[in-house]
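> Below is one structure. I have some questions about it.
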Amino acid sequence: MSKPRMMMIAAAGAMTLAFAGVVQAAPASQLPASNPFAQASTLPFQYPAFDQIHNEDYAPAYAEGMRQHALEIDAIANNPKPATFANTIVAMEKSGQLLARVASVFGNLSGANTNDAMEALDRDLSPKLAAHNDAIHLNPKLYARVKSLYVRRATLHLDPESAYLLERYHTDFVRAGAQLSAADKEQLKSYNAELAKLQTTFSQNLLKEANASALIVDTRAELAGLSDKAIAKAAETAKARGLDGKFAIPVVNTTGQASLGALTNRDVRKRLMAASLARGSHGGEFDNRDVVLKMARLRAEKAALLGYANYATYALEDQTAHDPAAVNQLLAEFAKPAVANARKEAADLQAVVDAEHGGFKVDAADWSFYSDKVRAQRYAFDQNQLKPYFELNNVLFNGVFYAANKVYGLTFKERKDLPVYDPDVRVFDVFDADGKQLAIFIGDYYARGNKRGGAWMNAYMTQSKLMGTRPVVANHLNIPKPNAGEPTLLTYDELRTIFHEFGHALHGMFSNVEYPRFSGTRVPRDFVEFPSQVNEMWAVWPEVLGNYAKHYQTGAAMPQELLDKVMASKKFNEGYRTTEYLAASILDQRWHQLGVDQIPTDVLAFEAGALKDAGVDFAPVPPRYRTTYFSHVFAGGYSAGYYGYLWAEKLDADTVEWFKEHGGMKRENGDYFRKMLLSRGGTVDAMSMYRAFRGRDAQIGPLLERRGLTAN
């Protein structure tokens, strides 16, 4: 994600199920052997047999998986022998094999390749899975065993990773309500079940409205400014929707829409921006306002039940930021200079409009269009000049993979023999520097109507020495698919997204831990973006850029003059980019810092007030996500956590300086970063891990410099 570009991290079902793993002696299965989840996949690295999995396989596998897991947990809780680390903590790590298998595939494909049957099952499963998880965490006998080990932890003589695992299990149980009274536990269960249903509703509403709210125009002339290829694609999209002769431009998940930078017809631009901003808030079956209010209240009530002032206080306690005050301070420090920069940028845009005798004031629909003109005037190039040099295959093989080889010694081999869930999905074997296979990597790059917006990484299988498992990880983007026979040319933002998401993939592939609980990206939410943001540096590293930035037709390298202009313009539009991100982050915090008696009745009025109070209510720069389509916090895992991209970017910018100080793209640097951070997963407190790597806390200077805020 361009900071912040979205990438949701799903880890093989473990985001929902705390104890996913492999059992040694599972209860007798009642699932027919013909069900593809009945046994572990026999494909390499337990890669899913996508070609054998059908809609009707999920429900019985989930039902049996939850039944087996419940029996395993019950056996642990009721073990007549005294609690030991092995018969309690390790036993839980090994429980839930079947449930983990089905959850990893269904959970991932629900975002990447859904359908009506899967959506219906998702709605049905959400409260059941929440109840299943509650039955584990709220089991008094099980918690008693965990607590008995925790209070004796100093006498158990555990190795550091095992000791930290015990500490994390105890924290997980306490935060999940294990110390509540019986009555309060029942109340908590009802909150969790209802929240699970509402999150699913929010997500499905958003996907359906994104498909329904496409901009439809009647004539080709209205799309003036778009390329012939883009217009042909719009015609093809409209025809597929039964609108033959018209043109359709789908709305993507962010507020900003790519076509706004090219459309010359201002009325069409305004219609497209209006459609984007109105999502989930204009009435009808996909309206998310009531869903938001219910979720805000339930989260506040849940936090209060657990003894916290608000949901943000509860959520942040277990993150590296630790409390809302620290997050509020970070966002406030950036707000004033960011908006000041955005206003200066707006003045530059207005000057261009006035010079063209536009007779109007620049608004959100105009920003992208006129910022490209300012960029062209100031740096004598526009974004479209870059795209011929950013062809997808070239970027992937000679950019992303090339950098991974230079920094970490990895090599990649594409394979066609493994099944995929869509013909456009690609699969690669990943080999370590010693020639041994490290992982399998899945690349799913194109947008589809049954795929949620944004970009993210997930894992179908995670690494664990205890389980003997190795990683199968996937990257997902939403690049518009070109017409047949045409190249896939990337925008600069899409280019950075590919490198960013692959940083998450590296985090998953390099995992070298004992326990599944700590594997790969299972780190605090405000730390998980750090390694992926670091990987973005290689996108414009001269040696890497020179290797892939070649014209897709002629093979000619990007001219040095153009490259120099790209580098010179890196801070261009940073006021806009920082302000839109801060506005979304502030909305997230304001919603989740509400107490039970502070829940508003009008979503849009509350949103407007929150932005004004924070000083980021600058109309030409709306939030990157408005409340009613902010899936990260109302449907994903980032509730009270969207600030994490900026929090992690502080670490990222400081780490980039470390690489530069130590000679840049050198294997010894990559090996050290891998050893100290990428391979350790969640086995150590995140900030302690960072200090061990850097030798000190991260400094803010490099981030301020990157964001162009040092002069304010």
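> Go through the residues of the range 378-394 one by one and say whether even a single one is farther than 23 Å from Ala619 by Cβ, part of a helix (DSSP H, G or I) and of a type in the set (A, V, I, L, M).
yes
> Oh, and also: In the set Arg667, Arg680, Arg691, which member is modelled with pLDDT of 95 or more and surrounded by 18 or more Cβ atoms within 10 Å (Cβ to Cβ)?
Arg680
> Answer yes or no as to whether Arg448 is more than 30 Å from Lys373 (Cα to Cα) and touching a residue at least 60 places away in the same chain (Cβ under 8 Å).
yes
> If Leu207 satisfies all but one of (1) part of a helix (DSSP H, G or I); (2) farther than 28 Å from Ser519 by Cα; (3) among the aliphatic types (A, V, I, L, M); (4) modelled with pLDDT of 95 or more, what's the number of the condition it fails?
(4)
> Can you find, within the range 459-495, the residue that is surrounded by the most Cβ atoms within 10 Å (Cβ to Cβ) among those that are among the charged types (D, E, K, R) and under 30 Å from Val566 (Cα atoms)?
Glu494
> Among the residues of the range 565-609, which ones are part of a loop (DSSP other than H, G, I, E, B) and more than 23 Å from the chain's Cα centre (by Cα)?
Ser569, Lys570, Lys571, Phe572, Asn573, Leu594, Gly595, Ile599, Pro600, Thr601, Asp602
> Further, regarding this structure: Please go through the range 331-384 and pick out each residue that is free of Cβ contacts under 8 Å to residues at least 60 places away in the same chain, over 13 Å from Phe572 (Cα atoms) and among the small types (Gly, Ala, Ser).
Residues satisfying the conditions are Ala347, Ala351, Ala355, Gly358, Gly359.
> How many of the residues making up the range 286-317 are in contact (Cβ under 8 Å) with a residue 12 or more places away in the chain, out of contact with any Ser or Thr (no Cβ under 6 Å at 6 or more places or on another chain) and in a loop (DSSP other than H, G, I, E, B)?
The total comes to 6.
> For Gly663, only one of the following conditions fails: (1) without any contact (Cβ under 8 Å) to a residue 12 or more places away in the chain; (2) part of a helix (DSSP H, G or I); (3) not acidic (Asp, Glu). What is its number?
If we test Gly663 against (1) without any contact (Cβ under 8 Å) to a residue 12 or more places away in the chain; (2) part of a helix (DSSP H, G or I); (3) not acidic (Asp, Glu), just (2) comes out false.
> To continue, here is another question. Any idea which of Ala33, Ala28, Ala61 is hydrophobic (A, V, I, L, M, F, W, C) and in contact (Cβ under 8 Å) with a residue 12 or more places away in the chain?
Ala61
> Condition (residue is free of Cβ contacts under 8 Å to residues at least 40 places away in the same chain, within 30 Å of Ala49 (Cα to Cα) and within 25 Å of the chain's Cα centre (by Cα)) applied to the range 102-113: is it met by at least one residue?
For the range 102-113, residues free of Cβ contacts under 8 Å to residues at least 40 places away in the same chain, within 30 Å of Ala49 (Cα to Cα) and within 25 Å of the chain's Cα centre (by Cα): present.
> Next up: Scan Glu194, Glu186, Glu167 and give me the residue that is of a type outside the set (Val, Ile, Thr) and more than 30 Å from Val291 (Cα to Cα).
None of the others qualify; the one that does is Glu167.
> Only one of Ile53, Ile73 is touching a helix residue (DSSP H, G or I) at 6+ places or on another chain (Cβ under 6 Å), assigned by TED's automatic domain parsing to the domain that holds His170 and β-branched (Val, Ile, Thr); which?
Of Ile53, Ile73, the one residue that is touching a helix residue (DSSP H, G or I) at 6+ places or on another chain (Cβ under 6 Å), assigned by TED's automatic domain parsing to the domain that holds His170 and β-branched (Val, Ile, Thr) is Ile73.
> Sticking with this one: Which of (1) crowded, with 20+ Cβ neighbours inside 10 Å; (2) in contact (Cβ under 8 Å) with a residue 24 or more places away in the chain is the odd one out, the single condition Phe606 does not satisfy?
Evaluating Phe606 over (1) crowded, with 20+ Cβ neighbours inside 10 Å; (2) in contact (Cβ under 8 Å) with a residue 24 or more places away in the chain leaves (2) as the failure.
> Residues of the range 392-423 being over 24 Å from the mean Cα position of the chain (by Cα) and among the acidic types (Asp, Glu), which ones?
Passing the criteria: Glu414, Asp417.
> Of all residues being free of Cβ contacts under 8 Å to residues at least 60 places away in the same chain and under 21 Å from Glu345 (Cα atoms) in the range 611-639, which is surrounded by the most Cβ atoms within 10 Å (Cβ to Cβ)? Just the residue, please.
Leu611
> Turning to a different aspect of this structure: Report yes if some residue within the range 148-159 is in a helix (DSSP H, G or I), surrounded by fewer than 19 Cβ atoms within 10 Å (Cβ to Cβ) and outside the structural domain of Ala49 (by TED's automatic domain parsing); otherwise report no.
No, because not a single residue in the range 148-159 is in a helix (DSSP H, G or I), surrounded by fewer than 19 Cβ atoms within 10 Å (Cβ to Cβ) and outside the structural domain of Ala49 (by TED's automatic domain parsing).
> Then there is this: Which one is surrounded by the most Cβ atoms within 10 Å (Cβ to Cβ), of the residues in the range 406-421 that are touching a strand residue (DSSP E or B) at 6+ places or on another chain (Cβ under 7 Å) and in a loop (DSSP other than H, G, I, E, B)?
Ranking the qualifying residues of the range 406-421, first place goes to Leu410.
> Listed residues Ala86, Ala182; which is without any contact (Cβ under 8 Å) to a residue 12 or more places away in the chain, within 26 Å of Val523 (Cβ to Cβ) and surrounded by fewer than 19 Cβ atoms within 10 Å (Cβ to Cβ)?
Ala86
> Please find, among Val523, Val540, Val534, the residue that is surrounded by fewer than 22 Cβ atoms within 10 Å (Cβ to Cβ) and touching a residue at least 24 places away in the same chain (Cβ under 8 Å).
Just a single option satisfies the conditions, and that option is Val540.
> Continuing with this model, one more query. Tell me, which residue of the range 456-501 that is of a type in the set (Phe, Trp, Tyr) and in contact with a strand residue (DSSP E or B) (Cβ under 6 Å, 6 or more places away or on another chain) is nearest to Asp432 (Cα to Cα)?
Tyr460
The values are calculated or read from the model by the stated rules, or taken from the named source; none is laboratory data. Everything numeric in this text was worked out from a predicted model, so none of it was measured. Positions of Cβ are generated from backbone atoms using ideal geometry, with glycine treated the same way; all protein chains shown enter the neighbour counts.
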